[in-house]
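Participant: Okay, handing you the structure first.
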Amino acid sequence: MEYKIALIPGDGIGPEIVAEARKVLDKVCEKYSHKFSYTEVLLGGASIDAHGVPLTEEAIVQAKASDAVLMGSIGGDAKTSPWYKLEPSRRPEAGLLAIRKALNLFANLRPAYLYNELRDACPLRDEIIGDGFDMIIVRELTGGLYFGARKTTEENGVRTAVDTLSYNENEIRRIAIKAFEIARKRRNKVTSVDKANVLDSSRLWRSVVEDVAKDYPDVTLEHMLVDNCAMQLVRDPKQFDVILTENMFGDILSDEASMVTGSIGMLSSASLNETKLGLYEPSHGSAPDIAGQNKANPIATILSAAMMLRYSLDLDKEADAVEAAVQKVLTDGFRTGDIMSDGCKLVGTKEMGDLIADAIA
């Protein structure tokens, strides 16, 4: 089969980790007789440097013409990069928000899984870790506070900033359906996270989620306030299967969950719309301090490519092969610096990509 893949190398370590993911995808093509044609798309700081804006209309057209989009990382050092002297709508992250909106990527999936080989990197005690944990956070991605109306005003010398948090029932319903469908393929449990004791938007969220749950009698639904969920993620992470939540809460909780796994460099993510088109990216940032030094961990991007194979291209067997290759390399004791432990073999970005590609069976 032939597929069109848009590649967004991005900024910082992005080009390095995308190169390793492409190396793994090329090995998948070789082993399973597929053909991937790649189109490079600029986004973020790289687009600002080339075009003066973080995302062009041409880039959106290229992304929409693809079967899937694989991205590295976006942004730079906020203290030193000239990108952050621009007004907010022209900064790198504005391009990321814009492509999510343009592609209608309303569902963000972020797995948080603890590899047994990385138990020592997990900051939690052994009695909390137990047999490990395996959850996925389903985050609404195109509504809420990040996309609401905003303004900053000054009156009588006093500055006031306003950000608007808004959700309608249709936005809530479609992300809830996505979460329940995913739960059916896992352990049949959804934890819906909100702040219904304070926010009207959360009370609507809870009401709509309960309506959706009626169509999934085989899936257990529980509600949890966001502050309690933040505490439970470090108290007992294995209780969670699918966590469903709104945009800002999901942003915060998914970063917390990623660190519980031991390294954010291990975590993939997918952003999906109502078709098969999705944008796949690692959960970590652009790490400009180590860019170009062959130190970055490419595993999160490689696992994002595996999610792309599974969700956008329906290549489950090939996705399994990539995930098994990552597992084999970790079992064999190879580590990048962020996950290094005693007795293991330290390798760089390129070497880790080579090892995983060679392990594709």
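The values are calculated or read from the model by the stated rules, or taken from the named source; none is laboratory data. As the structure is a computational prediction, the values presented were derived from the model and not from experiment. Methodologically, a virtual Cβ is constructed for each residue, glycine included, from the backbone with ideal geometry; neighbour enumeration extends over all protein chains shown.
Participant: List pairs: first residue in the range 151-166 and in a loop (DSSP other than H, G, I, E, B), second residue surrounded by fewer than 10 Cβ atoms within 10 Å (Cβ to Cβ) anywhere in the structure, Cβ distance under 7 angstrom, at least six positions apart or on different chains.
Facilitator: THR164/ALA149
Participant: Return yes or no: is ARG187 at pLDDT 95 or above and either among the β-branched types (Val, Ile, Thr) or more than 24 Å from ARG125 (Cβ to Cβ) (or both)?
Facilitator: no
Participant: Among residues belonging to the range 176-211 that are of a type in the set (A, V, I, L, M) and assigned to a strand (DSSP E or B), point out the one that is surrounded by the fewest Cβ atoms within 10 Å (Cβ to Cβ).
Facilitator: VAL190
Participant: Which of (1) among the aliphatic types (A, V, I, L, M); (2) under 20 Å from LEU96 (Cβ atoms); (3) more than 14 Å from the chain's Cα centre (by Cα) is the odd one out, the single condition ALA300 does not satisfy?
Facilitator: (3)
Participant: Test PRO123 against the stated conditions and say whether it is in a strand (DSSP E or B) and modelled with pLDDT under 95.
Facilitator: No, not satisfied.
Participant: Only one of ILE302, ILE356, ILE339, ILE264 is closer than 27 Å to ALA65 by Cβ, among the β-branched types (Val, Ile, Thr) and in contact with a helix residue (DSSP H, G or I) (Cβ under 6 Å, 6 or more places away or on another chain); which?
Facilitator: From the options ILE302, ILE356, ILE339, ILE264, the qualifying one is ILE302.
Participant: Being over 30 Å from LYS238 (Cα atoms) and either of a type in the set (D, E, K, R) or touching a strand residue (DSSP E or B) at 6+ places or on another chain (Cβ under 8 Å) (or both) is true for just one of GLU117, GLU140, GLU87. Which residue is that?
Facilitator: Only one candidate qualifies: GLU87.
Participant: I've got another one for you. Which of the residues that make up the range 103-133 are acidic (Asp, Glu) and without any contact (Cβ under 8 Å) to a residue 24 or more places away in the chain?
Facilitator: Listed by number, the residues that qualify are ASP126, GLU127.
Participant: For the range 272-308, which positions are within 29 Å of ILE177 (Cα to Cα), not hydrophobic (A, V, I, L, M, F, W, C) and not in a loop (DSSP other than H, G, I, E, B)?
Facilitator: Within the range 272-308, GLY278, TYR280, GLU281, PRO282, THR301, SER304 qualify.
Participant: For ILE48, which of the numbered conditions (1) out of contact with any Lys or Arg (no Cβ under 8 Å at 6 or more places or on another chain); (2) assigned to a helix (DSSP H, G or I); (3) aliphatic (A, V, I, L, M); (4) surrounded by 14 or more Cβ atoms within 10 Å (Cβ to Cβ) fails to hold?
Facilitator: The one condition ILE48 does not meet is (1).
Participant: Looking at (1) in contact with a Lys or Arg (Cβ under 6 Å, 6 or more places away or on another chain); (2) within 28 Å of VAL61 (Cα to Cα); (3) outside any strand (DSSP E or B), can you tell me which one SER269 breaks?
Facilitator: Result: SER269 fails condition (3) only.
Participant: Something else: From the residues in the range 51-67 that are part of a loop (DSSP other than H, G, I, E, B) and hydrophobic (A, V, I, L, M, F, W, C), which one is surrounded by the most Cβ atoms within 10 Å (Cβ to Cβ)?
Facilitator: Among those residues, the one meeting the criterion is LEU55.
Participant: Looking only at the range 70-84, decide whether some residue is of a type in the set (Phe, Trp, Tyr), farther than 27 Å from GLU274 by Cβ and surrounded by fewer than 19 Cβ atoms within 10 Å (Cβ to Cβ).
Facilitator: Scanning the range 70-84, I find at least one residue that is of a type in the set (Phe, Trp, Tyr), farther than 27 Å from GLU274 by Cβ and surrounded by fewer than 19 Cβ atoms within 10 Å (Cβ to Cβ), so the answer is yes.
Participant: Restricting attention to the range 212-244, which residues are in a loop (DSSP other than H, G, I, E, B) and either more than 23 Å from ILE129 (Cα to Cα) or in contact with a Leu (Cβ under 7 Å, 6 or more places away or on another chain) (or both)?
Facilitator: LYS214, ASP215, TYR216, PRO217, ASP218, VAL219
Participant: When the range 76-96 is examined, which residues are found to be in contact with a Pro (Cβ under 9 Å, 6 or more places away or on another chain) and outside any loop (DSSP other than H, G, I, E, B)?
Facilitator: Residues satisfying the conditions are TRP83, TYR84, SER89, ARG90, PRO92, GLU93, ALA94, GLY95, LEU96.
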